[in-house]
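Q: I am attaching a structure below and will ask some questions about it afterwards.
Coordinate-derived values only; no laboratory data. Remember, predicted model here, so these are calculated numbers, not experimental data. Neighbour counts run over all protein chains shown; Cβ positions are idealised from the backbone, glycine included.
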Amino acid sequence: MALSSTRLRPVLHLAVLMSLAGLCAAADTFSQTAFRPADPQNQIAFERLYNLDYDAAVQDFERVLARHPNDPFAVNHLLTAVLVRELYKTGAMNTGEYTNDSFIGQVHRPPDPAQTVRIKHLAQQAQKLEEAELAHDPNNVDAIYARGVTRAQFSAYTGLIERAWFSSLRSAVGARHDHERVLELSPQSQDAKLVVGTHNYVTGSLPLAMKVGVALVGLSGDKEKGIRQLSEAAHSNGETSVDASVLLMLFLRREHRYAEALDVARSITPRFPRNFLLSLEEGNLLRALGKNSEAEEQYRRVWQNGREGRYGNLHYEVAALGLGDLLRSEKNYQTAAKAYELVADIQSPDSETLQKANLYAGEMYDQLQKRDLAMKKYQSVVAMNSGNNEAERARRRMKEAYRE
């Protein structure tokens, strides 16, 4: 029985979730991690990567690769940094999009063609080095592991950016098989549990009928086993402790195990103060736990830190949306409108965030029976981009006042 691309999409985005590792922070043992190759620049580069300083991280990894041109780990690190930077720029790094049943993130802006060419070139470069090593020794654990990383990153690229589902599936299956082989040859390896654990969780989360279908392409899963493997990787001293911590937090959130997810977030958030996305996730988890006053404080803290320049030119203004949504859920419409209005107060806000903020502010003004203010907001939404869902919603509101 052939599987349609629509039915396969949850599986095809296994590795997309792994790309979210660039969002966040590391375990407490991060500073003691021995990165490969043994180059002191790696430590600096990863610190910058997890602090969302993508351009500087890319430059650092380029320097490492220049000193180690034949090391597939050096190529993979640069590949990861370039890929995650592009995912951030396209707007595909919103953690909320990875906690629902689809596991599909959305690319909100087109990728840079030059960067997509570079990503593919780096993946080819890494795999060429890995295959050369494996031609001499098929059981070379490092080479098998590195090839699995390359395949996982390329799966993320083809699935999320190119939306090439079957190509993404082939790479994802290859990555899992490589890292399962690593665990066979080297059972003490914790790094390989990132890919295997992620696959176990995601495939284990699929409906029964879909599990039967994906078994035809060699995938099976167990949610609890996946969470356990990710926890083991997160608490290890390996390179993937960062990635595993982030994914563990996201999967616990998806399972509505919010308190556990919050514990993970709070254990890693202080490590990288420039990473506003992690701080926002802490606010989201507090809200999910019903701790609204603490969530409000967290959203306002992120906003204030951004106003004070602690996040550089990153688009921290999304914190205002979180704050507005929280206040709106409490039917505090006046204060919610003020929160949404904050987005327009900063210089050069993200256009998509600003459009949403204007739409939501308009709805709040309708609730407050301030129709003139609401109409102005809706008109600005359509003027910004007349062809998306927000504009369509604004046009409906212009015809009929919004009421909750």
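Q: Would segment 131-181 count as rounded, prolate or oblate if I go by the C-alpha gyration tensor, calling it rounded below 1.5 in a/c and otherwise prolate when a/b exceeds b/c, oblate otherwise?
A: In terms of gyration-tensor shape, prolate.
Q: Now for a different question. Give the shape of segment 220-289 as rounded, prolate or oblate, defined through the alpha-carbon gyration tensor: a ≥ b ≥ c are the square roots of its eigenvalues, a/c under 1.5 means rounded, and otherwise the shape is prolate if a/b is larger than b/c and oblate if not.
A: Since a/c reaches 1.5 but b/c is at least a/b, the shape of segment 220-289 is classed as oblate.
Q: Follow-up question, since we're still on this one. Tell me, 272, 35 in order of fewest to most beta-carbon neighbours within 10 Å?
A: Ordered from fewest to most neighbouring Cβ atoms within 10 Å, 272, 35 come out as 35, 272.
Q: Okay, next question. Once you've got the Cα coordinates, tell me which of 211/291; 89/211; 89/338; 211/331 are over 30 Å apart.
A: 211/291; 89/211; 211/331
Q: Largest first and in whole Å, what are the equivalent-ellipsoid semi-axes of segment 313-355 based on the Cα gyration tensor, each being the root of 5 times an eigenvalue?
A: 20, 9, 7
Q: What are the radius of gyration and Dmax of the chain, computed over its Cα atoms and given in Å?
A: Calculated on Cα positions, Rg and Dmax stand at 21.8, 74 Å.
Q: Angle between the Cα long axis of helix 371-384 and the longest principal axis of the chain, 0 to 90 degrees, nearest 10?
A: It is inclined by approximately 40 degrees.
Q: Next question. Taking the Cα atoms of segment 273-404, report the difference between the largest and smallest coordinate on each principal axis, in whole Å and largest first.
A: 44, 31, 21
Q: Which percent of the Cα-Cα distances in segment 173-296 go past 21 Å?
A: 44
Q: Just 158, 335, 203 to compare: in a GNM of the chain, with alpha carbon springs under 10 Å, which one fluctuates most?
A: Taking springs between Cα atoms under 10 Å, the residue moving most is 335.
Q: Now a separate question. Between residue 142 and residue 56, what FRET efficiency comes out of the Förster formula 1/(1 + (r/R0)^6) with R0 = 25 Å and r the beta carbon distance, rounded to 0.05?
A: 0.35
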